[in-house]
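I have placed the structure first, in the form of structure tokens, so that the comments after it can refer back to it.
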Amino acid sequence: MRLTILKKKSYYALGLTLAILGIIVLLVVVWRWWATDVFSSPDIISAINSSFGNEDELLGLGLGLSLLPYTIIGIICLVVGSVILVLRRERVTVTEEVTTLLECPLCKHRWEESKSRTHLESIGYPTVRTLSRHRCPKCAKFIRPKIVATKK
Ligand SMILES: [Zn+2]
């Protein structure tokens, strides 16, 4: 349980890092276009095209790179990062589980059970704290267990 939460968090951090990295790289590309007067050119499309062919001294840092690889890297980072974030969000809403501490009203035995968050919300938790009929794992009677506590 702890492990899956940790995994989700690291995916979230990875997606967010990639998306931010992509945005920063694309902003640098836009800034270079702006600095090289691409936006004031009468034909912006061909000015952008030629900027892909020209080596940018500042971005290349002596490596002889043009703006094209930066644009591609920026777009890939942004797309991959966004996809990871979207997939993670969907998975969390589907499988978000809560560990509940249940108590048998007859023998007062307590045990832990994993419930989905949507199920708890559908019964009206935390206002409603009794579950539908369960068999108590200790006294084996059909009871309505009380939710003593929940933890993630
Ligand atoms: Zn019991």
With 70, 125 as the choices, which residue is at pLDDT below 90, at negative phi and away from the ligand (no atom under 16 Å from the Cβ)? 70
For region 131-143 the number of residues that are away from the ligand (no atom under 11 Å from the Cβ) and surrounded by fewer than 15 Cβ atoms within 10 Å (Cβ to Cβ) is 2
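When you go through 113, 103, 121 one by one, which is the residue that is surrounded by 14 or more Cβ atoms within 10 Å (Cβ to Cβ) and out of contact with any His (no Cβ under 8 Å at 6 or more places or on another chain)?
Details: 103 fails: out of contact with any His (no Cβ under 8 Å at 6 or more places or on another chain); 121 fails: surrounded by 14 or more Cβ atoms within 10 Å (Cβ to Cβ).
Just a single option satisfies the conditions, and that option is 113.
The values are calculated or read from the model by the stated rules, or taken from the named source; none is laboratory data. Just so we're clear, the structure is a prediction, and the values are computed from it rather than from any experiment. Here the Cβ is made from the backbone with ideal geometry for all residues, glycine too, and neighbour counts use every protein chain on show.
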